[in-house]
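Please treat every number below as a calculation from the coordinates, not as lab data. These figures come from a predicted structure and were not determined experimentally. Here the Cβ is made from the backbone with ideal geometry for all residues, glycine too, and neighbour counts use every protein chain on show.
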């Protein structure tokens, strides 16, 4: 069974109630072994084409799980082993779903629990880790943006984070290394309420400080930008927008649900005369909108956007915008957030920047019912946007920005979002020779 040390957190799955004191309908252990054997075979058949891309040694997984299932004695332990099996599939969408017979089955007590954040997130510049932002009790004890994190609980920060990523991976499935890293530096910092970490920090002036962070913040979800953008109008669940001091428009697409189109129309009406717009997809959690209809909001009325691998895109929406665009992505940009932001890149409509490629978890899924009829496995079987990445799609790869930009620690210390500042600089001096779409060709601004 899973070592107790690995039961700290499973952030992608969220907190689950403890197992009941008496098992609900525990099966003969042979049923659990049959489920695992079936799952290993079916996952290889349906998902095996991802194994080389994701560097998965399925023979090693088989050996590990075939051994561990021998000690499974309850439905709850079986559920936990299946969760751990899917973690090894490296699929950000993968999940174990109860069937009617498995309703009410919970993992063993202590596996999942309510978590609190330490009041800060981390970013990486070069090979070093820095405080990206801080709030609540972390800010109160003097943990400040831009500080280098030298050690955590006496261990070098980079090594501590690497161990934490591997720790989380035992229960949570990540499609790419960048998804795992961005998760660990945001949600993955959350732990049991009251957990305390001793941090050795270095200020921008080079002075070392020791501070203790306490996991007591209910806020564990990254917002996207390093700092709040002044004057934001919230159009709905998916869109927030503002006019920056530079005069450029700013649209943060936090999610892309079906309602995002109406929300985007509201934003574009307010920003119609902006000389350029930043489309910020950082921490976009995905959704289910009409991708073409979203991109079509950025084709001038009466025009069509020529695309490399698909038919031309007709302008859409009451306030289509035809000016310069810079798209921002990061490793927290997930699922439909990747495919919508990626279209602007693939179709040559915008210049893109970001700390890393997107999460690489965008796919077509299937459900595999297990023989016991307790659970089903929901897994990725085909990549979305097969035209992306020279025909390799998105799953297991992500969408790479055209320009990598890291947060500058001095900027963070000054409360400046380096990546947003770079986006504004690019709008002022746009790399037009490297972007196929030229507003002048569409009569924009005349």
Helix 157-169 axis, angle to the chain major axis (alpha carbon atoms, nearest 10°)
60 degrees
Order of 66-78, 85-97 by packing, highest average Cβ count within 10 Å first?
85-97, 66-78
Fewest-first ordering of 219, 372 by Cβ atoms within 10 Å yields 219, 372
Net length gained if the chain between residue 272 and residue 403 were fully extended (0.36 nm per residue, minus Cα distance)
44.5 nm
Measure nothing fancy, just the Cα-based angle from helix 75-87's long axis to the longest principal axis of the chain, in degrees from 0 to 90, nearest 10.
40 degrees
Taking a ≥ b ≥ c as the square roots of the eigenvalues of the Cα gyration tensor, with a/c under 1.5 meaning rounded and otherwise prolate when a/b exceeds b/c and oblate if not, the range 389-446 is oblate
If packing is taken as the mean number of other Cβ atoms within 10 Å per residue, what is the order of 42-55, 232-245, highest first?
232-245, 42-55
For the chain: relative contact order, % (alpha-carbon pairs under 8 angstrom, 6 or more apart)
16 percent
For the chain, calculated [θ]222 nm from helices alone, where every DSSP H run of n ≥ 4 adds -39500 (n - 2.57):
-8000 deg cm²/dmol
Peptides 113-122, 180-189 ordered by average Cβ neighbours within 10 Å, highest first
180-189, 113-122
Nearest 10, in degrees from 0 to 90: the angle of helix 260-270 to the longest Cα principal axis of the chain is 30 degrees
Rg to Rh for the range 55-120: what is it, with Cα atoms only and Rh by Kirkwood?
1.03
What is the range 17-102's relative contact order, in percent, from Cα pairs under 8 angstrom and six or more apart in sequence?
36 percent
Within 10 Å of each residue's Cβ, count the other Cβ atoms and sort 378, 130 from fewest upward.
378, 130
If each residue of separation counts as 0.36 nm, what is the full-extension length gain between residue 429 and residue 45 once their alpha-carbon separation is subtracted?
133.2 nm
Indicate, rounded to the nearest 5 percent, the antiparallel portion of the DSSP beta bridges found entirely in the chain.
75 percent
Normalising by the residue count of the range 344-432, find the relative contact order in percent from Cα pairs under 8 Å and 6+ residues apart.
30 percent
